[in-house]
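Undergrad: Okay, handing you the structure first.
The values are calculated or read from the model by the stated rules, or taken from the named source; none is laboratory data. All of these numbers come straight from a predicted model, not from anything done at the bench. Here the Cβ positions follow ideal geometry from the backbone for every residue, glycine too, while neighbour counts run over all protein chains shown.
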Amino acid sequence: MMLDKMGQSDIIVFASPTYVSNVTSVAKAFMDRSIRFFEMTKLGLKCRYDKPSKVILITSCGAPFPFSHIFGFATGCIRAMKVFFKYMNVKIKTFTATGMTCFDKESCKKIFKKAYNLGKNI
Ligand SMILES: Cc1cc2nc3c(=O)[nH]c(=O)nc-3n(C[C@H](O)[C@H](O)[C@H](O)COP(=O)(O)O)c2cc1C
């Protein structure tokens, strides 16, 4: 049912908080169960189902920038999502909200602005 809805959608927004430099177990289970969208065109394996044309991948992580990226926290989570979604052969955009454990008003504004601009340019 959920997979059918995914197939009928133009865009999928897939988000997971960063847990131990990776996606959460719930997000991983979801990806595991969505394997029918996999395409390996080089091997002649084409997805038989309808699929969205675009995917937006979002993560939030506790570590502030640049530590979120230097130590691979946020990048690890986004990479795990990309590994899955790249096999859908769809356009991918990513969004990372860093520093969620030391959240102040100013950084909150910046993150919302970044998210707004991403939404506007989909
Ligand atoms: C089990 C667990 C593991 C986490 N691992 C990381 C991590 O590896 N790197 C990081 O920057 N933040 C980590 N965090 C912080 C979360 O990414 C942060 O709490 C989340 O982005 C904010 O969402 P929340 O309000 O649901 O906690 C972890 C949080 C939990 C609960």
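Undergrad: Determine whether the stretch 63-80 contains at least one residue that is farther than 22 Å from Ile111 by Cα and out of contact with any strand residue (DSSP E or B) (no Cβ under 7 Å at 6 or more places or on another chain).
TA: no
Undergrad: Now, a different point. Please state which one of Lys109, Lys82 is outside any loop (DSSP other than H, G, I, E, B), more than 27 Å from Ser9 (Cα to Cα) and more than 13 Å from the ligand (Cβ to nearest atom).
TA: Lys109
Undergrad: Of everything in the stretch 1-52, what is in a loop (DSSP other than H, G, I, E, B), modelled with pLDDT of 80 or more and exposed (fewer than 11 other Cβ atoms within 10 Å of the Cβ)? Give them in sequence order.
TA: Asp10, Val20
Undergrad: Same structure, new question: Go through (1) surrounded by fewer than 18 Cβ atoms within 10 Å (Cβ to Cβ); (2) within 14 Å of the ligand (Cβ to nearest atom); (3) at positive phi and name the single condition Asn89 misses.
TA: The single condition Asn89 does not satisfy is (2).
Undergrad: Collect the residues in the stretch 53-70 that are within 16 Å of the ligand (Cβ to nearest atom), assigned to a strand (DSSP E or B) and either over 14 Å from Met100 (Cβ atoms) or basic (Lys, Arg) (or both), keeping them in residue-number order.
TA: Leu57
Undergrad: Starting from the stretch 59-80, keep only residues that are farther than 17 Å from Lys28 by Cα, then list their pairs with residues that are assigned to a helix (DSSP H, G or I) and near the ligand (Cβ under 8 Å from one of its atoms) whose Cβ atoms are within a distance under 9 Å, requiring at least 6 positions of separation or different chains.
TA: Every condition considered, the pairs that remain are Gly62/Ser68; Gly62/Phe73; Ala63/Phe73; Ala63/Ala74; Phe65/Ala74; Phe67/Phe73; Ser68/Ala74.
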